[in-house]
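Take a look at the structure set out below.
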Amino acid sequence: MIRNCALVTSPGRLNLSVLRETGLSEMNLQFDVISLSSEPHLAGPNAILSITMLSEIHAISGAVDWLMTMIQECNSVPGQELDVELALREALANAVLHGNRQDSKKRVHISCEIEFGGEVSIVVRDEGKGFDLTKVSDPKTIDNIEAAHGRGIYLMRALMDEVHFGRGGTEVHMRKGPASCARDRQ
């Protein structure tokens with residue numbers, strides 16, 4: 001059940017009809033949202049969104065679809081939305097499967113800052129024990145190349161401009177800038 005909802009954006013830049021079309025109760029059924037941003041926050045030309053979802057695999061697609069709609073409505077990272085979407089799916093799958101070990105009593109917390117016409121920053125936090133990044137196998141080695149799993153962190157790093165882990169591995173921070181900025185760095 002949604003406890004509270006707030007989406008604050010720069011005036012006139014985000015088409016809020018997306019929220020009306022989706023409908024909060026329908027959105028709740030789609031991805032078992034616990035809450036959306038509990039405190040409105042406006043930071044210049046940015047939208048700051050927070051979602052707390054159940055730690056269940058079926059909740060991932062709805063949360064990703066909703067966030068990606070918001071990112072697209074803000075015209076953020078145009079042409080790179082699929083990179084952000086796949087990295088977000090991988091981060092949420094890792095949080096649900098590995099972090100929270102599919103414990104339905106635990107939650108996954110998503111914070112997303114969207115700069116209108118600019119970059120996207122996403123933080124995914126689970127309530128698990130964390131992990132040691134140095135013990136994660138390289139999926140490109142000959143021993144792991146045919147493994148059925150183990151590519152999530154690799155994909156996130158390949159698709160996003162910045163990826164780092166915090167809070168002992170319970171948090172992943174990802175950032176994707178505009179395509180022109182990514183090209184300038186290469």
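Just so you know, all these numbers are worked out from the coordinates, no wet-lab data involved. Fair warning: this is a prediction, and the values are worked out from it, not measured in the lab. Reconstructed Cβ throughout: ideal geometry from the backbone, glycine too, with neighbour counts over all protein chains shown.
Lys135 to Arg175: extension gain in nm, 0.36 nm per residue of separation minus the Cα-Cα distance?
Numbers: separation 40, 0.36 × 40 = 14.40 nm, distance 2.35 nm.
Gain on extension, Lys135 to Arg175, equals 12.0 nm.
Return the loop-located trypsin sites (Lys or Arg not before Pro) in segment 68-118 (DSSP other than H, G, I, E, B) with at most 15 other Cβ atoms within 10 Å of their own Cβ; answer none if there are none. Could the numbers behind the result be given before it?
Working: sites: Arg89, Arg101, Lys105, Lys106, Arg107; in loops: Arg101, Lys105, Lys106.
Those that pass, being in a loop and sparsely packed, are Arg101, Lys105.
Residue by residue, what Karplus-based ³J(HN,Hα) values in Hz, rounded to whole numbers, does segment 76-81 have, using 6.51, -1.76 and 1.60 with θ = phi - 60° and x for Gly and Pro?
Taking θ as phi minus 60°, the curve returns 8, 6, x, x, 10, 4 Hz for segment 76-81.
Take Ser61 and Asp143, extend 7 Å from each Cα along the Cα→Cβ direction, and tell me the distance between the two endpoints in nm.
Label-label distance for Ser61 and Asp143, simple model: 3.6 nm.
For Asp161, which sequence-distant residues (separation of 5 or more, or a different chain) have an amide H within less than 5 Å of its own amide H, given hydrogens modelled in the peptide plane?
Arg175, Lys176, Gly177
Kindly write out, for segment 91-107 in residue order, the coupling ³J(HN,Hα) from the Karplus curve 6.51 cos²θ - 1.76 cosθ + 1.60 (θ = phi - 60°), rounded to whole Hz, with x marking Gly and Pro.
Values per residue, Gly and Pro as x: 5, 5, 4, 4, 5, 6, 6, 8, x, 8, 6, 6, 7, 5, 7, 8, 10 Hz.
Taking θ as phi - 60°, what are the ³J(HN,Hα) couplings along segment 52-65 by the Karplus curve (6.51, -1.76, 1.60), each to the nearest whole Hz, with x for Gly and Pro?
10, 10, 5, 8, 9, 3, 5, 7, 5, 4, x, 5, 5, 4
Taking the Cβ of each residue in Met174, Met70 as the centre, tally the other Cβ atoms inside 10 Å and list the residues starting with the fewest.
Met70, Met174
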